[in-house]
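Asker: One structure is given below, represented as structure tokens, and several questions about it will come after.
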Amino acid sequence: MGATSSSINELPENEYLKKLSGREAISENDPFWNQLLSFSFNTPTNSAELKLLEEAAVSVCKSLAENNPRTGNLAALIKVFLSRTKELKISAECQNHLFIWQAHNALFIICCLLKVLICQMSEEELQLHFTYVERVPGSHGEECEDLMEELLCCLIQLIVEIPLLDITYSISLEAVTALVVFLSCQLFHKEILRENIAHKYLMHGRCLPYTSRLVKTLLYNFIRQERSPPPGTHVFQPEPDGGGLLYGIASGVATGLWTVFTLGGVGSKRAPHQEESSPLANQSLLLLLVLANLTDAPDTPNPYRQAIMSFKNTQDSTVLPSPNPHAFQINFNSLYTTLCEQQNSDQATLLLYTLLHQNSNVRTYMLARTDMENLVLPILEILYHVEERNSHHVYMALIILLILTEDDGFNRSIHEVILKNITWYSERVLTEISLGSLLILVVIRTIQYNMTRTRDKYLHTNCLAALANMSAQFRSLHQYAAQRIISLFALLSKKHNKVLEQATQSLRSSLASDDSPLPDYAQDLNVIEEVIRMMLEIINSCLTNSLHHNPNLVYALLYKRDLFEQFRTHPSFQDIMQNIDLVISFFSSRIEQAGAELSVERVLEIIKQGAVALPKDRLRKFPELKFKYVEEEQPEEFFIPYVWSLVYNSAVALYWNPQVIQLFTMDSG
């Protein structure tokens with residue numbers, strides 16, 4: 001690097017980098033820094049080149065790690081960066097491209113070095129590299145200065161205070177990336193880090209007052225989805241003497257310098273739409289999720305999580321002063337719109353879950369929207385394409401539905417929204433269907449997929465809980481949705497009979513042979529009977545509360561009435577079967593009285609008339625089905641590895657050497 005163009009394979013032999021990592025101490029006032037920071041770079045454009053960059057930087061970092069405790073050159077570079085950031089705001093206003101360019105280059109080098117150092121040394125060793133010793137000529141004394149907190153605070157100030165312009169886009173992105181790197185020590189530990197030096201600085205001292213502004217800025221970066229400036233927006237022209245450099249600091253995701261550290265690493269699963277999206281928005285969202293999932297300090301809760309839990313709508317004129325010092329206001333309409341548009345990514349779905357679960361202001365606002373289909377449809381599409389999604393993305397989407405279905409108003413309103421031509425639903429042409437019926441179809445499909453593939457009890461439970469929450473408000477169910485409810489029950493019934501038969505055969509075999517161990521079918525039978533009872537309760541809840549609104553469900557029930565015969569006298573289902581048996585008997589009798597060979601339309605007409613005639617008091621009342629989502633006792637054991645797996649696999653993440661990752665083995669790409 002320096003005042004020449006550099007390529008990846010030249011880095012280990014670059015004279016400026018060799019001097020930086022060498023044995024000679026360099027003063028922060030040395031002209032060397034202007035030379036080092038005036039570099040152009042052949043930017044890596046694919047994961048293979050990103051890996052090469054990592055490998056090329058290793059020798060430089062190894063040399064720096066050996067020599068820096070004596071030379072303090074990394075700390076001197078940080079001091080140079082800190083001094084230049086003091087003028088960044090004025091430089092942006094005055095369009096001082098050169099000043100911003102060199103500040104960015106300094107941060108870029110710091111980020112490169114820091115990322116390698118973090119994975120190779122302990123926290124105590126790392127902190128030594130941030131100690132700056134000022135040697136005053138003619139003086140025998142030395143003054144030590146710890147620069148880690150100052151650098152962290154400076155990065156936060158840069159993010160929240162520097163206006164986002166074409167010429168500042170890259171340094172804003174690099175500052176966000178640098179904070180992710182600072183916190184990446186979690187990647188290299190199998191256990192959850194409850195406290196480390198970066199956590200301490202971010203939650204206390206000089207960084208703490210910026211908490212709400214940082215969270216707000218990161219949210220707005222996500223909301224705005226600003227794309228990187230087009231190539232040619234910011235290019236330095238060469239000076240007549242050849243000392244200038246051609247360097248496009250804002251030359252786009254594929255050609256800008258910052259892509260070295262913001263495109264996905266080896267093994268990341270990058271979708272085409274991700275490459276075109278905003279790297280600053282994506283990286284800001286990842287940092288926001290990392291901050292939100294930091295563990296609480298021993299003496300104080302996570303302030304970033306507190307800020308996320310308490311922010312309010314700028315349009316709310318009745319906002320009262322909040323007791324939370326980190327509260328702020330943001331435009332909920334803009335946030336809602338962006339969340340609806342971005343649900344194709346894990347991280348956007350995780351943010352939506354976080355806000356719905358933890359921020360009551362956001363939840364209340366979203367449930368009051370009259371265009372909930374814009375939010376629900378992308379969530380349903382995630383579940384519909386379950387085969388293509390990782391299990392964690394599916395879980396988040398499902399839990400979001402469960403949280404939404406806790407609200408009776410939501411459960412009523414989704415049946416009033418009529419959709420036309422749902423193109424991604426391929427099992428059947430749906431020219432017109434309510435959002436509620438579509439939701440039922442997708443959730444049932446997810447249950448059936450789980451029964452045949454993953455067999456995850458947790459997924460089953462949450463799917464059924466969402467259906468149960470909605471069941472009392474089922475309205476005008478689409479005939480296909482009604483059929484699928486009964487078809488699911490038929491599948492469960494068939495599975496129950498199969499397990500029962502296996503248990504019987506196993507018992508006979510064990511009686512014939514004393515040596516053979518008896519397989520434990522009791523647990524399997526118990527699980528399937530719990531699910532069957534839940535389905536019966538869902539059907540019963542609909543019949544009890546909204547029979548006259550759902551002729552298609554009664555029709556499907558009558559068409560498959562034989563399915564329910566075996567459960568009528570079963571001790572686990574006798575009570576819940578009373579209402580279903582009554583409905584089947586009542587409507588069967590009326591249809592038989594109407595004569596044979598009736599058309600579908602005529603049968604539906606009889607059902608509608610019978611629904612009015614059936615005395616409500618004949619149906620036994622059961623407790624209302626209501627399930628609330630409850631987070632696990634130690635949610636960080638799930639969410640922290642999940643968030644860092646998103647960073648690891650993201651199309652805008654750094655390249656992380658998979659050989660040194662310790663935290664997780666799951667695939668969240």
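The values are calculated or read from the model by the stated rules, or taken from the named source; none is laboratory data. Because the structure is predicted, anything quoted here is derived from the model rather than measured. Ideal geometry is used to build each Cβ from the backbone, glycine not excepted, and the neighbour counts take in all protein chains shown. Areas reflect the complete protein model, heavy atoms only, side chains present, ligands, DNA and RNA absent. Shrake-Rupley method; radii C 1.70, N 1.55, O 1.52, S 1.80 Å.
Asker: Which of N462, N450, L492 sits farthest toward the positive end of the charge dipole of the stretch 440-507, with +1 on the Cβ of Lys and Arg and -1 on the Cβ of Asp and Glu?
Answerer: N450
Asker: Can you give me the distance in nm between label points at D146 and Y458, each placed 7 Å from the Cα along the Cα-to-Cβ direction?
Answerer: 3.7 nm
Asker: May I ask you to give the solvent-accessible area per residue for the stretch 347-503, in square angstrom, as obtained with a 1.4 angstrom probe?
Answerer: 36 Å²
Asker: Determine, for each peptide in 432-444, 118-130, 534-546, 193-205, the mean count of other beta carbons within 10 angstrom over its residues, then list the peptides with the highest first.
Answerer: Per-residue Cβ counts within 10 Å, averaged per peptide and sorted highest first, yield 432-444, 534-546, 193-205, 118-130.
Asker: Right, here's the next one. Report, in whole Å, the centroid distance computed from the Cα atoms of the stretch 148-195 and the stretch 68-128.
Answerer: After rounding, the separation between the Cα centres reads 12 Å.
Asker: List the residues, sorted by chain then number, that are 5 or more residues from A297 or on another chain and whose placed amide H is less than 5 Å from its amide H.
Answerer: Amide H neighbours of A297, under 5 Å, 5+ apart: N302.
Asker: When ranked by the protection proxy of mean other Cβ atoms within 10 Å per residue, highest first, what sequence do the peptides 216-223, 335-342 form?
Answerer: Highest to lowest by the protection proxy: 216-223, 335-342.
Asker: Residues with beta-carbon under 13 Å from that of H549, excluding H549: net charge, scoring Lys, Arg +1 and Asp, Glu -1?
Answerer: Numbers: positive: R412, R475, K608; negative: E416.
Local charge sum for H549: +2.
Asker: Long-range amide H contacts for N313: which residues qualify at under 5 Å (H placed 1.01 Å from N, peptide plane, sequence gap of 5 or more or a different chain)?
Answerer: Placed amide hydrogens put I330 under 5 Å from N313.
Asker: Something else about it: With a Förster radius of 41 Å, plug the Cβ-Cβ distance of S83 and Q329 into 1/(1 + (r/R0)^6) and report the FRET value to the nearest 0.05.
Answerer: Numbers: r = 34 Å, r/R0 = 0.84.
So, using R0 = 41 Å, E works out to roughly 0.75.
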